[in-house]
Amino acid sequence: MKHKNQVFDNVLDLVGKTPLIKLNKITSPFKGNFYAKVEAFNPGHSSKDRIALYIIEQAEKQGILTPGDTIIETTSGNTGFSLAMVSIIKGYDCILAVTSKSSADKIDMLKTMGAKVYVCPAHVSADDPRSYYEVAKRLHQEIKGSVYINQYFNQLNVDAHYYSTGPEIWKQTEGKITHLVACSGTGGTISGTAKYLKEQNPNIKVIGVDAFGSVIKKYHETKEFDEKEIYPYRIEGLGKNLIPSATDFDTIDEFIKVTDEESAHTARMIAKSEGLFVGYTSGAAMQAIKQLGEEGRFKSTDCVVIIFPDHGSRYMSKIYSDKWMSEQGFFDSVNAEAIKKIEYIK
Ligand code: PMP
(Lines give C-alpha, C1' and ligand atoms only; values in the text may rest on other atoms or scores of the structure.)
Protein backbone atom coordinates (compact mmCIF):
# COMPACT_ATOMS: atom_id res chain seq x y z
CA MET A 1 0.00 0.00 0.00
CA LYS A 2 2.00 2.99 -1.25
CA HIS A 3 0.33 6.31 -0.61
CA LYS A 4 3.36 8.47 -1.21
CA ASN A 5 2.72 11.48 -3.44
CA GLN A 6 -0.87 10.33 -4.02
CA VAL A 7 0.33 7.27 -5.93
CA PHE A 8 -1.69 4.15 -5.14
CA ASP A 9 -1.25 0.45 -5.87
CA ASN A 10 -4.82 0.16 -7.11
CA VAL A 11 -8.21 1.85 -6.78
CA LEU A 12 -9.07 -0.04 -3.57
CA ASP A 13 -6.45 1.92 -1.62
CA LEU A 14 -8.78 4.90 -2.02
CA VAL A 15 -11.74 3.33 -0.21
CA GLY A 16 -12.76 5.27 2.91
CA LYS A 17 -11.05 8.32 4.46
CA THR A 18 -13.74 10.50 2.91
CA PRO A 19 -13.85 14.22 3.70
CA LEU A 20 -16.08 15.95 6.19
CA ILE A 21 -17.34 19.12 4.51
CA LYS A 22 -18.92 22.03 6.38
CA LEU A 23 -22.37 23.03 5.19
CA ASN A 24 -22.57 26.79 5.06
CA LYS A 25 -25.71 28.00 3.31
CA ILE A 26 -28.37 25.30 3.44
CA THR A 27 -28.15 25.10 7.23
CA SER A 28 -27.94 28.87 7.79
CA PRO A 29 -31.51 29.13 9.17
CA PHE A 30 -30.60 26.79 12.05
CA LYS A 31 -28.41 27.03 15.12
CA GLY A 32 -25.39 24.71 15.25
CA ASN A 33 -22.48 23.58 13.10
CA PHE A 34 -23.25 21.09 10.35
CA TYR A 35 -20.80 18.84 8.52
CA ALA A 36 -21.47 16.35 5.73
CA LYS A 37 -19.52 13.08 5.49
CA VAL A 38 -19.41 12.95 1.71
CA GLU A 39 -19.22 9.28 0.74
CA ALA A 40 -19.23 10.05 -2.99
CA PHE A 41 -15.47 10.57 -2.56
CA ASN A 42 -15.07 6.80 -2.37
CA PRO A 43 -13.76 5.45 -5.71
CA GLY A 44 -17.05 3.65 -6.41
CA HIS A 45 -18.88 6.88 -5.45
CA SER A 46 -20.69 5.50 -2.38
CA SER A 47 -20.38 4.28 1.20
CA LYS A 48 -20.90 0.72 -0.07
CA ASP A 49 -17.24 0.56 -1.13
CA ARG A 50 -16.43 0.24 2.55
CA ILE A 51 -18.60 -2.83 3.14
CA ALA A 52 -17.70 -4.50 -0.16
CA LEU A 53 -13.98 -4.27 0.59
CA TYR A 54 -14.31 -5.15 4.28
CA ILE A 55 -16.61 -8.17 3.82
CA ILE A 56 -14.47 -9.61 1.01
CA GLU A 57 -11.24 -9.11 2.97
CA GLN A 58 -12.74 -10.77 6.05
CA ALA A 59 -13.78 -13.76 3.93
CA GLU A 60 -10.22 -13.92 2.54
CA LYS A 61 -8.75 -13.84 6.06
CA GLN A 62 -11.02 -16.68 7.11
CA GLY A 63 -9.93 -18.67 4.06
CA ILE A 64 -13.48 -18.73 2.65
CA LEU A 65 -12.48 -16.88 -0.53
CA THR A 66 -9.51 -17.45 -2.81
CA PRO A 67 -8.94 -15.81 -6.21
CA GLY A 68 -11.17 -17.28 -8.89
CA ASP A 69 -14.06 -17.75 -6.44
CA THR A 70 -17.43 -16.08 -6.84
CA ILE A 71 -19.10 -13.19 -5.01
CA ILE A 72 -22.93 -13.22 -5.09
CA GLU A 73 -25.37 -10.50 -4.03
CA THR A 74 -28.91 -9.36 -4.71
CA THR A 75 -28.73 -5.69 -5.64
CA SER A 76 -28.76 -3.37 -8.60
CA GLY A 77 -27.57 -0.48 -6.52
CA ASN A 78 -24.45 0.84 -4.92
CA THR A 79 -23.49 -2.42 -3.21
CA GLY A 80 -23.48 -4.25 -6.54
CA PHE A 81 -21.27 -1.62 -8.11
CA SER A 82 -18.79 -1.71 -5.21
CA LEU A 83 -18.68 -5.52 -5.12
CA ALA A 84 -18.03 -5.60 -8.85
CA MET A 85 -15.20 -3.06 -8.44
CA VAL A 86 -13.55 -5.00 -5.62
CA SER A 87 -13.98 -8.28 -7.54
CA ILE A 88 -12.14 -6.92 -10.59
CA ILE A 89 -9.10 -5.91 -8.56
CA LYS A 90 -9.00 -9.06 -6.44
CA GLY A 91 -9.78 -11.51 -9.23
CA TYR A 92 -13.23 -12.83 -8.30
CA ASP A 93 -16.28 -13.50 -10.42
CA CYS A 94 -19.15 -11.28 -9.38
CA ILE A 95 -22.76 -12.37 -9.87
CA LEU A 96 -25.55 -9.91 -9.14
CA ALA A 97 -29.20 -10.96 -9.13
CA VAL A 98 -31.40 -7.93 -9.79
CA THR A 99 -35.09 -7.44 -10.44
CA SER A 100 -36.64 -6.46 -13.73
CA LYS A 101 -37.45 -3.10 -12.05
CA SER A 102 -33.77 -2.11 -12.31
CA SER A 103 -33.15 0.41 -15.06
CA ALA A 104 -31.21 -0.59 -18.17
CA ASP A 105 -28.60 2.04 -17.23
CA LYS A 106 -27.96 0.39 -13.89
CA ILE A 107 -27.67 -3.08 -15.41
CA ASP A 108 -25.26 -1.75 -18.06
CA MET A 109 -23.19 -0.07 -15.35
CA LEU A 110 -22.81 -3.35 -13.43
CA LYS A 111 -21.91 -5.23 -16.62
CA THR A 112 -19.34 -2.56 -17.45
CA MET A 113 -17.74 -3.33 -14.10
CA GLY A 114 -17.45 -6.99 -15.11
CA ALA A 115 -20.41 -8.41 -13.17
CA LYS A 116 -22.66 -11.20 -14.48
CA VAL A 117 -26.18 -9.92 -14.04
CA TYR A 118 -29.24 -12.17 -13.63
CA VAL A 119 -32.44 -10.23 -14.23
CA CYS A 120 -35.30 -11.82 -12.23
CA PRO A 121 -39.03 -11.00 -12.31
CA ALA A 122 -39.91 -8.17 -9.91
CA HIS A 123 -43.51 -9.05 -9.09
CA VAL A 124 -43.11 -12.48 -7.49
CA SER A 125 -42.97 -13.16 -3.75
CA ALA A 126 -39.58 -13.42 -2.02
CA ASP A 127 -39.93 -17.21 -1.62
CA ASP A 128 -40.85 -17.82 -5.30
CA PRO A 129 -38.02 -19.81 -6.96
CA ARG A 130 -37.82 -17.09 -9.66
CA SER A 131 -37.31 -14.23 -7.15
CA TYR A 132 -33.88 -12.62 -7.04
CA TYR A 133 -33.41 -13.80 -3.44
CA GLU A 134 -34.05 -17.42 -4.38
CA VAL A 135 -31.94 -17.20 -7.54
CA ALA A 136 -29.01 -15.83 -5.52
CA LYS A 137 -29.43 -18.55 -2.88
CA ARG A 138 -29.56 -21.27 -5.53
CA LEU A 139 -26.46 -19.96 -7.32
CA HIS A 140 -24.65 -19.84 -3.97
CA GLN A 141 -25.53 -23.50 -3.32
CA GLU A 142 -24.56 -24.56 -6.84
CA ILE A 143 -21.30 -22.65 -7.24
CA LYS A 144 -18.45 -24.11 -5.24
CA GLY A 145 -16.29 -21.46 -3.60
CA SER A 146 -18.98 -18.78 -3.67
CA VAL A 147 -19.83 -16.25 -0.98
CA TYR A 148 -23.29 -14.73 -0.59
CA ILE A 149 -22.86 -11.22 0.82
CA ASN A 150 -26.47 -10.86 2.06
CA GLN A 151 -25.90 -7.30 3.34
CA TYR A 152 -29.22 -6.95 5.21
CA PHE A 153 -28.36 -9.90 7.45
CA ASN A 154 -24.57 -9.71 7.61
CA GLN A 155 -22.93 -8.41 10.79
CA LEU A 156 -19.78 -7.63 8.78
CA ASN A 157 -21.75 -4.83 7.10
CA VAL A 158 -22.06 -3.17 10.53
CA ASP A 159 -18.45 -3.93 11.47
CA ALA A 160 -17.15 -2.23 8.31
CA HIS A 161 -18.58 1.07 9.54
CA TYR A 162 -17.59 0.42 13.16
CA TYR A 163 -13.95 0.11 12.07
CA SER A 164 -13.88 2.89 9.44
CA THR A 165 -16.70 5.46 9.28
CA GLY A 166 -17.03 5.82 13.07
CA PRO A 167 -13.33 6.38 13.83
CA GLU A 168 -12.98 8.75 10.87
CA ILE A 169 -15.83 10.97 12.10
CA TRP A 170 -14.53 10.94 15.67
CA LYS A 171 -11.09 12.06 14.50
CA GLN A 172 -12.38 14.58 11.97
CA THR A 173 -14.57 16.31 14.57
CA GLU A 174 -11.82 16.03 17.23
CA GLY A 175 -14.37 14.31 19.42
CA LYS A 176 -16.76 17.28 19.26
CA ILE A 177 -19.61 15.53 17.44
CA THR A 178 -22.95 15.88 19.29
CA HIS A 179 -25.38 14.43 16.68
CA LEU A 180 -25.17 11.82 13.93
CA VAL A 181 -27.89 11.87 11.28
CA ALA A 182 -27.91 9.00 8.76
CA CYS A 183 -30.30 7.16 6.48
CA SER A 184 -31.09 3.59 7.36
CA GLY A 185 -31.46 0.93 4.68
CA THR A 186 -29.67 -2.19 5.80
CA GLY A 187 -28.85 -0.10 8.88
CA GLY A 188 -25.17 -1.00 8.59
CA THR A 189 -23.92 2.57 8.23
CA ILE A 190 -25.85 4.07 11.12
CA SER A 191 -25.43 1.07 13.46
CA GLY A 192 -21.69 0.59 13.04
CA THR A 193 -20.86 4.29 13.05
CA ALA A 194 -23.11 4.97 16.07
CA LYS A 195 -21.70 2.05 18.05
CA TYR A 196 -18.16 3.37 17.69
CA LEU A 197 -19.13 6.98 18.42
CA LYS A 198 -21.23 6.10 21.48
CA GLU A 199 -18.34 4.08 22.90
CA GLN A 200 -16.33 7.33 22.77
CA ASN A 201 -19.18 9.51 24.08
CA PRO A 202 -22.50 7.94 25.10
CA ASN A 203 -24.21 11.37 24.96
CA ILE A 204 -24.02 11.61 21.17
CA LYS A 205 -27.56 11.64 19.73
CA VAL A 206 -28.09 9.25 16.85
CA ILE A 207 -30.98 9.96 14.51
CA GLY A 208 -31.98 7.54 11.76
CA VAL A 209 -33.80 8.66 8.63
CA ASP A 210 -36.64 6.47 7.35
CA ALA A 211 -39.10 6.68 4.46
CA PHE A 212 -42.89 6.87 4.58
CA GLY A 213 -43.85 3.39 3.38
CA SER A 214 -41.16 1.65 5.47
CA VAL A 215 -41.61 -0.37 8.68
CA ILE A 216 -38.36 0.69 10.40
CA LYS A 217 -39.47 3.72 12.48
CA LYS A 218 -42.54 2.01 13.89
CA TYR A 219 -40.55 -1.13 14.70
CA HIS A 220 -38.01 0.99 16.60
CA GLU A 221 -40.76 2.58 18.65
CA THR A 222 -43.01 -0.42 19.29
CA LYS A 223 -40.99 -3.55 18.40
CA GLU A 224 -44.00 -4.40 16.25
CA PHE A 225 -43.65 -5.34 12.57
CA ASP A 226 -46.66 -3.54 11.12
CA GLU A 227 -47.50 -4.51 7.55
CA LYS A 228 -49.91 -1.58 7.34
CA GLU A 229 -46.87 0.73 7.27
CA ILE A 230 -45.77 -0.73 3.92
CA TYR A 231 -46.57 1.01 0.63
CA PRO A 232 -44.50 1.93 -2.43
CA TYR A 233 -42.18 4.94 -2.31
CA ARG A 234 -39.56 6.34 -4.64
CA ILE A 235 -36.38 6.87 -2.61
CA GLU A 236 -33.97 3.98 -3.22
CA GLY A 237 -31.67 2.75 -0.45
CA LEU A 238 -33.67 4.03 2.48
CA GLY A 239 -36.22 2.20 4.64
CA LYS A 240 -37.43 -1.37 4.19
CA ASN A 241 -40.37 -3.77 4.17
CA LEU A 242 -38.56 -6.18 6.49
CA ILE A 243 -36.46 -5.87 9.66
CA PRO A 244 -32.76 -6.23 8.78
CA SER A 245 -30.57 -7.86 11.41
CA ALA A 246 -27.85 -5.40 10.34
CA THR A 247 -29.84 -2.65 12.09
CA ASP A 248 -28.89 -2.34 15.76
CA PHE A 249 -32.03 -0.59 17.02
CA ASP A 250 -30.54 -0.02 20.49
CA THR A 251 -27.78 2.30 19.22
CA ILE A 252 -30.30 4.56 17.47
CA ASP A 253 -32.10 7.16 19.61
CA GLU A 254 -34.90 7.99 17.22
CA PHE A 255 -36.08 7.77 13.63
CA ILE A 256 -37.52 10.59 11.59
CA LYS A 257 -39.53 10.09 8.40
CA VAL A 258 -39.13 12.15 5.25
CA THR A 259 -41.19 12.33 2.07
CA ASP A 260 -40.05 11.46 -1.46
CA GLU A 261 -40.99 14.91 -2.64
CA GLU A 262 -39.24 17.02 -0.02
CA SER A 263 -36.14 14.81 -0.13
CA ALA A 264 -35.90 15.28 -3.91
CA HIS A 265 -36.17 19.06 -3.64
CA THR A 266 -33.68 19.13 -0.79
CA ALA A 267 -31.13 17.09 -2.79
CA ARG A 268 -31.44 19.66 -5.60
CA MET A 269 -31.03 22.40 -3.03
CA ILE A 270 -27.78 20.86 -1.71
CA ALA A 271 -26.31 21.05 -5.21
CA LYS A 272 -27.40 24.66 -5.70
CA SER A 273 -26.40 25.95 -2.27
CA GLU A 274 -23.28 23.94 -1.36
CA GLY A 275 -22.01 22.84 -4.79
CA LEU A 276 -22.24 19.21 -3.70
CA PHE A 277 -23.75 16.87 -6.27
CA VAL A 278 -25.12 14.04 -4.13
CA GLY A 279 -27.78 11.33 -4.31
CA TYR A 280 -31.43 11.05 -3.32
CA THR A 281 -30.77 9.76 0.22
CA SER A 282 -28.40 12.67 0.86
CA GLY A 283 -31.42 14.84 0.16
CA ALA A 284 -33.41 12.69 2.58
CA ALA A 285 -30.80 13.07 5.35
CA MET A 286 -30.66 16.83 4.77
CA GLN A 287 -34.45 16.98 4.81
CA ALA A 288 -34.37 15.34 8.25
CA ILE A 289 -31.95 18.07 9.41
CA LYS A 290 -34.38 20.71 8.14
CA GLN A 291 -37.28 19.11 10.03
CA LEU A 292 -35.23 18.84 13.23
CA GLY A 293 -33.90 22.40 12.77
CA GLU A 294 -37.41 23.76 12.31
CA GLU A 295 -38.39 22.06 15.58
CA GLY A 296 -35.52 23.98 17.26
CA ARG A 297 -33.68 20.77 18.15
CA PHE A 298 -30.14 22.15 17.70
CA LYS A 299 -28.09 24.52 19.90
CA SER A 300 -25.44 26.90 18.60
CA THR A 301 -22.65 24.78 20.15
CA ASP A 302 -23.84 21.53 18.51
CA CYS A 303 -21.66 19.68 16.03
CA VAL A 304 -23.96 17.74 13.72
CA VAL A 305 -22.62 15.17 11.25
CA ILE A 306 -24.83 14.11 8.34
CA ILE A 307 -23.92 11.20 6.13
CA PHE A 308 -24.31 11.79 2.38
CA PRO A 309 -24.15 8.19 1.06
CA ASP A 310 -23.59 8.55 -2.69
CA HIS A 311 -23.08 10.69 -5.79
CA GLY A 312 -25.71 12.57 -7.77
CA SER A 313 -24.69 11.13 -11.14
CA ARG A 314 -26.66 7.95 -10.37
CA TYR A 315 -29.92 9.94 -10.33
CA MET A 316 -29.76 11.86 -13.61
CA SER A 317 -32.91 10.18 -14.93
CA LYS A 318 -34.70 10.70 -11.59
CA ILE A 319 -34.41 13.64 -9.19
CA TYR A 320 -32.07 15.59 -11.47
CA SER A 321 -34.43 15.25 -14.43
CA ASP A 322 -37.06 18.00 -14.61
CA LYS A 323 -39.18 15.63 -16.69
CA TRP A 324 -39.15 12.95 -13.99
CA MET A 325 -39.81 15.51 -11.27
CA SER A 326 -42.87 16.86 -13.05
CA GLU A 327 -44.13 13.35 -13.87
CA GLN A 328 -44.10 12.65 -10.12
CA GLY A 329 -46.06 15.85 -9.52
CA PHE A 330 -43.11 17.28 -7.62
CA PHE A 331 -43.38 20.64 -9.39
CA ASP A 332 -47.07 21.11 -8.54
CA SER A 333 -48.37 24.07 -6.61
CA VAL A 334 -47.56 22.69 -3.16
CA ASN A 335 -43.95 23.07 -4.12
CA ALA A 336 -44.06 26.66 -5.21
CA GLU A 337 -42.87 27.56 -1.72
CA ALA A 338 -39.99 25.07 -1.77
CA ILE A 339 -38.83 26.23 -5.19
CA LYS A 340 -38.89 29.86 -4.05
CA LYS A 341 -36.65 28.89 -1.14
CA ILE A 342 -34.19 27.24 -3.53
CA GLU A 343 -33.98 30.44 -5.59
CA TYR A 344 -33.47 32.40 -2.37
CA ILE A 345 -30.60 30.23 -1.13
CA LYS A 346 -28.82 30.38 -4.51
N1 PMP B 1 -28.31 5.63 0.67
C2 PMP B 1 -28.12 4.87 -0.42
C3 PMP B 1 -28.11 5.52 -1.76
C4 PMP B 1 -27.97 3.48 -0.29
O5 PMP B 1 -27.78 2.72 -1.39
C6 PMP B 1 -28.04 2.91 1.00
C7 PMP B 1 -27.91 1.43 1.15
N8 PMP B 1 -29.09 0.67 0.98
C9 PMP B 1 -28.25 3.75 2.11
C10 PMP B 1 -28.37 5.10 1.90
C11 PMP B 1 -28.39 3.23 3.51
O12 PMP B 1 -27.20 2.67 4.01
P13 PMP B 1 -27.31 1.38 4.92
O14 PMP B 1 -27.71 0.24 4.05
O15 PMP B 1 -25.91 1.21 5.46
O16 PMP B 1 -28.31 1.62 5.99
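The values are calculated or read from the model by the stated rules, or taken from the named source; none is laboratory data. This structure is a prediction, so every number in the text was calculated from the model and none was measured. With ideal geometry, Cβ positions are generated from the backbone for all residues, glycine too; neighbour counts draw on all protein chains shown. All accessible areas refer to the heavy atoms of the entire protein, side chains included, with ligands and DNA or RNA removed. Shrake-Rupley method; radii C 1.70, N 1.55, O 1.52, S 1.80 Å.
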In segment 111-124, which residue that is within 23 Å of Met316 (Cα to Cα) and part of a strand (DSSP E or B) is most open to solvent (accessible area, probe 1.4 Å)? Val119
I need the full set of residues from segment 16-37 which are under 30 Å from Leu83 (Cβ atoms) and surrounded by fewer than 23 Cβ atoms within 10 Å (Cβ to Cβ), in order please. Gly16, Lys17, Pro19, Leu20, Ile21, Tyr35
Condition set open to solvent by 20 Å² or more (accessible area, probe 1.4 Å) and among the charged types (D, E, K, R), scope segment 297-316, selection farthest from the ligand (Cβ to nearest atom): answer is Lys299
Filter segment 190-244 down to the residues that are within 29 Å of Gly175 (Cβ to Cβ) and open to solvent by 60 Å² or more (accessible area, probe 1.4 Å) and list them by number. Lys195, Glu199, Gln200, Pro202, Asn203, Lys205
Quick check on segment 148-160. Is at least one of its residues assigned to a strand (DSSP E or B), at pLDDT 95 or above and more than 15 Å from the ligand (Cβ to nearest atom)? yes
Between Ile26, Ile21, which is within 24 Å of Ala271 (Cα to Cα) and over 20 Å from the mean Cα position of the chain (by Cα)? Ile26
If you go through Ile56, Ile71, Ile107, the only one that is in contact with a Cys (Cβ under 7 Å, 6 or more places away or on another chain) and of a type in the set (Val, Ile, Thr) is Ile71
Looking for something within 16 Å of the ligand (Cβ to nearest atom), under 25 Å from Gly187 (Cβ atoms) and of a type outside the set (Ser, Thr, Tyr) - is there at least one such residue anywhere in segment 29-36? yes
Would a scan of segment 102-110 turn up a residue that is away from the ligand (no atom under 16 Å from the Cβ), at pLDDT below 90, surrounded by fewer than 16 Cβ atoms within 10 Å (Cβ to Cβ) and in a helix (DSSP H, G or I)? yes
Conditions (1) farther than 24 Å from Ser313 by Cβ; (2) open to solvent by 50 Å² or more (accessible area, probe 1.4 Å); (3) not small (Gly, Ala, Ser); number of the one not met by Asp69: (2)
Please go through segment 126-147 and pick out each residue that is assigned to a helix (DSSP H, G or I), more than 16 Å from the ligand (Cβ to nearest atom) and open to solvent by 50 Å² or more (accessible area, probe 1.4 Å). Lys137, Arg138, His140, Gln141, Glu142
Cβ contacts < 6 Å: first residue within 20 Å of Thr99 (Cβ to Cβ), restricted to segment 132-146; second residue among the polar types (S, T, N, Q), any location; separation 6+ or different chain. Result? Tyr132/Thr74; Tyr132/Thr99; Tyr133/Thr74; Ala136/Thr74; His140/Ser146
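Conditions (1) assigned to a helix (DSSP H, G or I); (2) of a type outside the set (D, E, K, R), marked per residue:
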{"position": "Gly213", "(1), (2)": "no, yes"}
{"position": "Lys228", "(1), (2)": "yes, no"}
{"position": "Ala246", "(1), (2)": "no, yes"}
{"position": "Phe255", "(1), (2)": "no, yes"}
{"position": "His265", "(1), (2)": "yes, yes"}
{"position": "Met269", "(1), (2)": "yes, yes"}
{"position": "Thr281", "(1), (2)": "yes, yes"}
{"position": "Leu292", "(1), (2)": "yes, yes"}
Residue that is nearest to the ligand (Cβ to nearest atom) [pool: residues in segment 179-189 that are assigned to a strand (DSSP E or B) and open to solvent by less than 10 Å² (accessible area, probe 1.4 Å)]: Ala182
Taking segment 165-178 and keeping residues open to solvent by less than 30 Å² (accessible area, probe 1.4 Å) and outside any helix (DSSP H, G or I) leaves Thr173, Gly175, Ile177
